[in-house]
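*Asks:* Got a structure for you, written out below as structure tokens; questions coming shortly.
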Amino acid sequence: LARSVRHTAVRQAHRKHEPDFHDKYGNLVLLGGAAVFTVVWGYALTQIGIEWGFSPVGRVTPKEWRE
Amino acid sequence: MLASRAFGLVGKRALSTSICLRAHGHAGVVKAEDFSLPAYVDRRDLPLPEVAFVKDLSAQQKALKEKEKASWTALSVDEKVELYRIKFNETYAEMNKGTNEWKTVLGGVLFFLGLTGLILIWQKHFMYGPIPHTFSDEWVAAQTKRMLDMRMNPVEGISSQWDYEKNEWKK
């Protein structure tokens, strides 16, 4: 039992690890990148008049075409 | 036979030459660069690296190494840890620890994909002309009714999605 206590103590005696770039800024980069992506593509997909050619099924109300 | 005798002499000369060089130290021989010597490496599949991590021991560490030669029960926990750190750089736990690198990678990828979207926006605004009039809402509506009136693709296609009794799209 004494030996296992000592083992535990050794295991816990870690050196403090200096935070690297990813620890410091990882969350910021991730969320920032996601925000830029969402804003730009949200705008591109909806606001600039790109015709995506979606199916008329369930979307378009048929209109009389005969003149 | 002459050639083999000459070769034998050359061999003896080369052997004695190299012994001389070793005896003289570094005379005429390039000093072994660090990268050509066995190196320490932290690898999961290499539990005992070829050399210890710390090569040049301080006086304190040298004393500890001397103490290591005696009974190990005399060593304190801190001393044992210090001996470990002399021999090894990271523990297995430290070696295997994950990082947050994926956040930077994914965030960077998303950011540059966003820049690509900006290119698309520029193109639509400055480069492409107007889309054909056949995409306007009234044209598409009339076109859709004509497709349904013609019973276009009635088996699995668009006409199969229209309820001709109720005059609406099938739910």
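The values are calculated or read from the model by the stated rules, or taken from the named source; none is laboratory data. In this text the structure is predicted, and so the values were computed from the model without any measurement. Neighbour counts run over all protein chains shown; Cβ positions are idealised from the backbone, glycine included.
*Asks:* Does B:GLY129 meet the test of being modelled with pLDDT under 95 and more than 28 Å from the chain's Cα centre (by Cα)?
*Replies:* It is true that B:GLY129 is modelled with pLDDT under 95 and more than 28 Å from the chain's Cα centre (by Cα).
*Asks:* Additional query: With more than 31 Å from the chain's Cα centre (by Cα) and charged (D, E, K, R) as the only criterion, which of B:LYS87, B:LYS103, B:LYS69 stands out?
*Replies:* On inspection, the qualifying residue turns out to be B:LYS69.
*Asks:* Among B:TRP169, B:TRP122, B:TRP139, B:TRP102, which is the only one that is within 30 Å of A:TYR25 (Cβ to Cβ) and out of contact with any Leu (no Cβ under 9 Å at 6 or more places or on another chain)?
*Replies:* Checking each option against the conditions leaves just B:TRP122.
*Asks:* If you check B:LEU83 against the conditions, is it hydrophobic (A, V, I, L, M, F, W, C) and free of Cβ contacts under 8 Å to residues at least 12 places away in the same chain?
*Replies:* Answer is no for this residue.
Results for (1) touching a residue at least 60 places away in the same chain (Cβ under 8 Å); (2) under 27 Å from A:GLU67 (Cα atoms); (3) facing chain A (nearest Cβ under 10 Å), shown as yes or no for each residue.
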{"site": "B:THR116", "(1), (2), (3)": "no, no, yes"}
{"site": "B:PHE126", "(1), (2), (3)": "no, no, no"}
{"site": "B:PRO132", "(1), (2), (3)": "no, yes, yes"}
{"site": "B:ALA141", "(1), (2), (3)": "no, yes, yes"}
{"site": "B:LEU148", "(1), (2), (3)": "no, yes, yes"}
{"site": "B:ILE158", "(1), (2), (3)": "no, yes, yes"}
{"site": "B:LYS166", "(1), (2), (3)": "no, yes, no"}
{"site": "B:TRP169", "(1), (2), (3)": "no, yes, yes"}
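*Asks:* So, one more: Name the residue, out of B:ILE158, B:ILE86, B:ILE121, that is within 30 Å of A:LYS63 (Cβ to Cβ) and out of contact with any strand residue (DSSP E or B) (no Cβ under 8 Å at 6 or more places or on another chain).
*Replies:* Just a single option satisfies the conditions, and that option is B:ILE158.
*Asks:* Also, I was wondering about something else. Mind listing whichever residues of the stretch B:150-167 are touching a Phe, Trp or Tyr at 6+ places or on another chain (Cβ under 8 Å) and of a type in the set (Asp, Glu)?
*Replies:* Result: B:ASP163, single match.
*Asks:* Can you run down the residue pairs with Cβ atoms below 7 Å, 6 or more apart or on separate chains, where the first is in the stretch A:33-45 and at negative phi and modelled with pLDDT of 95 or more and the partner is aromatic (Phe, Trp, Tyr) and not in a helix (DSSP H, G or I)?
*Replies:* Between residues of the stretch A:33-45 that are at negative phi and modelled with pLDDT of 95 or more and residues that are aromatic (Phe, Trp, Tyr) and not in a helix (DSSP H, G or I), there is no close pair.
*Asks:* Right, here's the next one. Within the bounds of the stretch B:61-72, is there any residue that is surrounded by fewer than 14 Cβ atoms within 10 Å (Cβ to Cβ) and modelled with pLDDT under 90?
*Replies:* Checking the stretch B:61-72: not a single residue is surrounded by fewer than 14 Cβ atoms within 10 Å (Cβ to Cβ) and modelled with pLDDT under 90.
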